[in-house]
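What follows is a single structure, written as structure tokens, with notes after it.
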Amino acid sequence: MRMGYEIEYYSEKVQEEIAKMPKTLVARYLRLAERMMVFGPDLGMPHSRAMKGGLFELRLMGAEGIARVFYCTAAGHRVVILHSFVKKTNRTPSAELAVAERRMKEVCHVKP
């Protein structure tokens, strides 16, 4: 069976950062990534949330904490994982969001 979406990474570093997250968060990421490949990038709350301008976040929760993985969609049923971080506060730091937005503009050629 051909899956609907392909997952790509902005860089090898992004992939490595996700792999270095606490075990329960990595496990959650892998499960949600599989679901995205089958059902598409918008899994809906509480799993994913549309941010702005085509940016999405995967919402990871596990025994060791909370993390976010930002991604966007590109042509040809591709999901591009842009940035990840482990949350330490209730709000998403604007610097983390800015990294994801900058990478999305670069990858998806989004006009500001």
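Every read-out reported here was derived from the displayed coordinates using simple, explicitly stated rules and does not represent laboratory data. Since we're looking at a predicted model, the values are computed, not measured.
Here are a few things to note about the model shown:
- Debye intensity ratio I(q)/I(0), log10, the chain, q values 0.11, 0.19 Å⁻¹ (C-alpha model): -0.31, -0.97
- Of all the options Val79, Val69, Val14, the one that moves most in a Gaussian network model of the chain with Cα springs shorter than 10 angstrom is Val14.
- Cross-link reach list, lysines versus Lys23, counting only Cα pairs under 19 Å and skipping chain neighbours closer than eight places: Lys13, Lys87, Lys88
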